[in-house]
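Read-outs throughout are calculated quantities, based only on the coordinates presented, and are distinct from any laboratory measurement. Since we're looking at a predicted model, the values are computed, not measured. Here the Cβ is made from the backbone with ideal geometry for all residues, glycine too, and neighbour counts use every protein chain on show.
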Amino acid sequence: MNREAFLLHLAKQLGRPEIRNPPKREQIGAPDHWKSFVLPRKSERVDRFCQEARTLGAEVHCFETQQQLQEGLQALLTSLKPQSILRWDHTECPAMIDSVLNRWKSRIVDPIADPSQALHADVGITTVDFAIADTGTLVLCSDEQKSRGVSLFPAHHIAIVDADQIRTRMGEVLAEFRGGKPPSAIHFITGPSRSSDIENDLSIGVHGPAVLHILVKV
């Protein structure tokens with residue numbers, strides 16, 4: 001069956017007498033007014049990001065100092081009681097959280113050296129490269145020190161966000177990757193993992209973490 005015959009068959013099934021050509025698109029890509037849309041104040045971006053992330057089901061907590069954030073991370077881990085923890089080996093991540101993880105050292109799993117155990121980890125801890133205020137999205141770039149499995153394998157993903165990393169919209173983030181060598185993978189994480197079958201039955205945590213915790217340093 002050629003293309004025209006196939007489309008005509010679909011048209012008849014829809015009760016249409018003929019194939020209808022799609023209307024001509026006058027606008028390609030994001031409209032100009034959206035390309036220029038920016039929340040000018042950091043506090044606005046933080047508030048929008050937190051609001052959108054919570055709407056999507058993420059648990060979001062804001063802290064004014066790094067010490068408060070570390071205390072918040074400690075309290076969260078204490079409540080979760082993880083048997084195993086994954087974390088990025090990226091320089092900034094250990095420097096921020098190692099003082100908290102000292103009491104959990106025996107439970108930290110290397111996702112590269114021990115992938116079979118990493119698959120069953122309870123908690124994964126990462127920083128982020130960017131966050132998007134308008135959609136409550138986290139942006140994580142993978143490399144040899146930032147395994148993608150840390151944010152995908154565990155049931156709980158803890159993401160640490162600095163307010164300076166929050167951009168208004170996705171276009172701003174994509175512009176950051178123009179030129180230069182791109183990362184091996186870029187992950188856009190918008191809320192906990194969601195999947196729906198053909199009958200729209202929603203399942204949480206099938207293809208990723210069931211719970212997303214976001215700790216924001218404002």
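Lysine pairs in the chain whose alpha-carbon atoms fall under 29 angstrom of each other, counting only those eight or more residues apart or on distinct chains, come to 15.
How far, in degrees from 0 to 90, does helix 66-80 lean away from the longest principal axis of the Cα atoms of the chain, to the nearest 10? Relative to the chain, helix 66-80 is tipped by roughly 80 degrees. Label positions at residue 54 and residue 89, each projected 7 Å from the Cα along the C-beta direction, are separated by 3.8 nm. Between residue 79 and residue 38, full extension at 0.36 nm per residue minus the direct alpha carbon distance yields a gain of 11.0 nm.
For the stretch 117-127, putting each phi into the Karplus relation 6.51 cos²θ - 1.76 cosθ + 1.60 with θ = phi - 60° gives couplings of 6, 4, 4, 10, 5, 7, 9, x, 10, 9, 8 Hz, in residue order, rounded to whole numbers and with x for Gly and Pro.
Amide H to amide H, with H built 1.01 Å from N, residue 86 comes under 5 Å of 109, 123, 124, 125, counting only residues 5 or more places away or on other chains. Over the chain, DSSP H runs of length four or greater, each weighted -39,500 (n - 2.57), average out per residue to a 222 nm ellipticity of -8500 deg cm²/dmol. Computed from Cα positions, the angle between helix 92-101 and the longest principal axis of the chain comes to roughly 50 degrees.
Calculated from the alpha-carbon coordinates, the stretch 1-124 shows an Rg and a Dmax of 25.6, 71 Å respectively. Is the shape of the stretch 73-122 best called rounded, prolate or oblate, per the rule: a/c under 1.5 gives rounded, else a/b larger than b/c gives prolate, else oblate, with a ≥ b ≥ c the square roots of the Cα gyration tensor eigenvalues? Judged from the Cα gyration tensor, the stretch 73-122 comes out oblate (a/c at least 1.5, b/c at or above a/b). Where a ≥ b ≥ c are the square roots of the eigenvalues of the C-alpha gyration tensor, would you call the chain rounded, which needs a/c under 1.5, or, failing that, prolate if a/b is larger than b/c, or oblate? In terms of gyration-tensor shape, prolate.
If you restrict to DSSP beta bridges whose two residues both lie in the chain, what percentage is antiparallel, to the nearest 5? About 35 percent, rounded to the nearest 5.
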